[in-house]
Amino acid sequence: MKVVLLKDVRAMGRAHSVLEVSDGHALNFLIPKKLAVLATPANVKHAEGKLAQGAASREVGDKLVAERLAALSDGRVTITKKANEQGHLYDGVGEEEIAEASGLPEFAIKLEKPIKELGIHEVAVSHGENFGMISVEIVAE
């Protein structure tokens, strides 16, 4: 049975791809859990459109990340937060705040855990084939 995946399914495929799966797997697992729909001509056409749209948005995202990384390679992003006398922040700085301050998309910033101390921190940025580090300076209010 041919199905169109609505979401990424581990060990099967990515969203909007057309797959041939067993009838039982499609009828008992994929379709009831809303992970896939039958591959009708309309659903296949819709999936192809979504794939093309996703490729275009990834290309724009790659270009944006590459431009921002080049602009930020020598500079530093500064974020002001409240901190105590020992230099510990009351509220950690996460990917959202770094993305807002740097102009990078949030999904491109790879932060293992929130930053909770004042100072200069190196943060990894990656998207597609673009990899780099940006300097984030956290200063007290």
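Bear in mind these aren't lab numbers, they're just calculated from the coordinates by the rules spelled out. Keep in mind that this is a model prediction, so the values were computed, not measured. As a convention, Cβ positions derive from the backbone with ideal geometry for all residues, glycine included, and neighbour counts pool all protein chains shown.
Taking a cut-off of 30 Å between Cα atoms, list the lysines near LYS2, but don't count ones fewer than 8 places away on the same chain.
Candidates past the 8-residue exclusion: LYS33, LYS34, LYS45, LYS50.
Amide H of SER17 versus every other amide H placed in the peptide plane: which residues, excluding those fewer than 5 positions away on the same chain, fall under 5 Å?
The answer is LEU5.
Ordered by residue, what ³J(HN,Hα) values in Hz, to whole numbers, does region 12-25 give under the Karplus form 6.51 cos²θ - 1.76 cosθ + 1.60, where θ = phi - 60° and Gly and Pro are x?
Computed from phi, the couplings for region 12-25 are 10, x, 8, 4, 6, 9, 9, 10, 9, 10, 5, 4, x, 5 Hz.
Working only with C-alpha atoms, what are the Rg and Dmax values of the chain, expressed in angstrom?
Cα radius of gyration and Dmax of the chain are 21.3, 65 Å respectively.
From the phi of every residue in region 122-127, what ³J(HN,Hα) in whole Hz does the Karplus formula 6.51 cos²θ - 1.76 cosθ + 1.60 yield, where θ is phi - 60° and glycine or proline is x?
Per residue, the Karplus-derived 3J(HN,Hα) values read 8, 10, 7, 10, 8, 7 Hz.
What aspartates and glutamates does LYS110 reach when the alpha-carbon gap must be under 13 Å and sequence neighbours fewer than 8 apart in one chain are set aside?
Of all the aspartates and glutamates, those that pass the test against LYS110 - Cα under 13 Å, at least 8 places apart if same chain - are GLU95, GLU96, GLU97, GLU122.
Stretched out fully, how many nm does the piece from GLN53 to ALA15 gain, at 0.36 nm a residue minus the Cα gap?
Working: separation 38, 0.36 × 38 = 13.68 nm, distance 1.24 nm.
Between GLN53 and ALA15, full extension yields an extra 12.4 nm.
Using only alpha carbon pairs under 8 Å that are at least six residues apart, calculate the relative contact order of the chain and give it in whole percent.
Reported as a whole number, the value is 20 percent.
Okay, which of region 106-141 sit inside 12 Å, backbone N to the point 7 Å along the Cα-Cβ direction of HIS88?
What the label zone holds, given the 12 Å backbone N cut-off, is 116-118.
Give me the Kirkwood hydrodynamic radius of region 2-59, using the inverse of the mean 1/r over all pairs of distinct Cα atoms, in Å to one decimal.
11.5
Could you work out the relative contact order of region 66-140, using alpha carbon pairs under 8 angstrom and six or more residues apart, expressed as a whole percent?
Averaging sequence separation for qualifying contacts and normalising by length gives 37 percent for region 66-140.
Return the sequence-ordered ³J(HN,Hα) values of region 128-141 in whole Hz as given by the Karplus equation 6.51 cos²θ - 1.76 cosθ + 1.60 applied to θ = phi - 60°, using x for Gly and Pro.
These are the phi-based 3J(HN,Hα) values: x, 9, 9, 10, x, 10, 10, 8, 10, 9, 9, 10, 7, 6 Hz.
Under 19 Å between alpha carbons, and skipping anything fewer than 8 positions from LYS82 in its own chain: which lysines qualify?
LYS82 reaches LYS113, LYS116.
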